[in-house]
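To start, the structure itself, in structure tokens.
The values are calculated or read from the model by the stated rules, or taken from the named source; none is laboratory data. What you see is a predicted model, and the numbers here were worked out from it, not measured in a lab. Every residue, glycine as well, gets a Cβ built from its backbone with ideal geometry; the counts of neighbours run over all protein chains shown. Areas reflect the complete protein model, heavy atoms only, side chains present, ligands, DNA and RNA absent. Shrake-Rupley method; radii C 1.70, N 1.55, O 1.52, S 1.80 Å.
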Amino acid sequence: MLERLVSAARERGLGDRVRTLEADAGAGLPGVADADLVWASASLHHLDDPATALAALRAALRPGGLLAVAEVDGMPSFLPPDGAPGELEARCRAALDGRVDADDLAALDRLIDGGPEDVRHRDDLVVRSTRRTWMARRPA
């Protein structure tokens, strides 16, 4: 993804204005300062200490620089939302704190039994999720 970003910046004549860094923000960002923009996407939920990482990201910004953080805001779903499979998936999510009834267990079995409803034979599966983005400017 970083290579694609740099390539896109070059194509637009912005190559000299874009610098990327692959780093463990939880361990700090040595040598990074005065960034106009720090973008963290779908990464903070992987960290043991997101607060430390956010502090490092903020420290990398120039005064007035922008920090943008995009994270998933829930578990993704996979089955079509309409019809029995999607309704089953919704009930399974609701049942994570409880019990799944016998009909839903049977429906789950059909999704993995090798038959025509098996998820390995479906062509209507997609990953659906939503993300939330927070943005903040470092005070000047």
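Taken about its Cα centre, segment 5-119 carries a charge dipole of roughly 900 debye when the Cβ of each Lys and Arg holds +1 and the Cβ of each Asp and Glu holds -1.
All other residues whose Cβ lies under 10 angstrom from that of ARG110 are scored, Lys and Arg at +1 and Asp and Glu at -1, for a net of -4. Annotation for THR130 and LEU96: the two label points, set 7 Å from Cα along the Cα-Cβ direction, are 1.5 nm apart.
From its DSSP helices (H runs of at least four residues, each -39,500 (n - 2.57)), the chain gives a residue-normalised ellipticity at 222 nm of -9000 deg cm²/dmol. From the alpha carbon centroid of segment 20-62 to that of segment 75-109 is 37 Å.
Given N residues in the chain, what is its alpha carbon radius of gyration divided by 2.2 N^0.38 Å? Show your work: numbers first, answer last.
Details: Rg = 21.4 Å, N = 140, 2.2 N^0.38 = 14.4 Å.
Rounded to two decimals, the normalised Rg is 1.49.
Placing R0 at 25 angstrom, the Cβ-Cβ distance between TRP39 and GLU11 gives a FRET efficiency of 0.85 after rounding to 0.05. About its Cα centre, the dipole of segment 63-134 is roughly 420 debye, where the only charges are +1 on Lys and Arg Cβ and -1 on Asp and Glu Cβ. Most simply put, segment 37-136 has about 60% antiparallel DSSP beta bridges, counting only bridges with both residues inside it. Placing a label point 7 Å from the Cα of ARG122 along the Cα-to-Cβ direction, the residues of segment 67-84 with a backbone N closer than 15 Å are 76-84. With only the Cα atoms considered, segment 49-96 has a convex hull volume of 109 Å³ per residue.
Taking the chain as a Gaussian network of alpha-carbon nodes connected by springs under 10 Å, the highest mean-square fluctuation of the residues LEU54, LEU105, LEU67 belongs to LEU105. Note on the chain: with neighbouring protein chains present and a 1.4 Å probe, carbon and sulfur make up 55 percent of its accessible heavy-atom surface. Towards the positive end of the charge dipole of segment 1-107, with charges on Cβ (+1 Lys, Arg; -1 Asp, Glu), say which of PRO30, VAL69, LEU79 has the farthest Cα. Working it through, the farthest residue towards the positive pole turns out to be PRO30. Using a Gaussian network model of the chain whose springs link C-alpha atoms within less than 10 Å, name the residue from GLY13, GLY86, GLY74 with the highest mean-square fluctuation. Maximum among the listed residues: GLY13. How much net charge surrounds ARG10 when only other residues with a Cβ under 15 Å from its Cβ are counted (Lys, Arg +1; Asp, Glu -1)? Result for the neighbourhood of ARG10: +1.
Surface analysis of segment 65-116 yields an accessible area of 61 Å² per residue, using protein heavy atoms and a 1.4 Å probe. In loop segments of segment 25-133 as defined by DSSP, the trypsin sites (Lys or Arg not before Pro) with at most 16 further C-beta atoms inside 10 Å of their C-beta are ARG99, ARG122.
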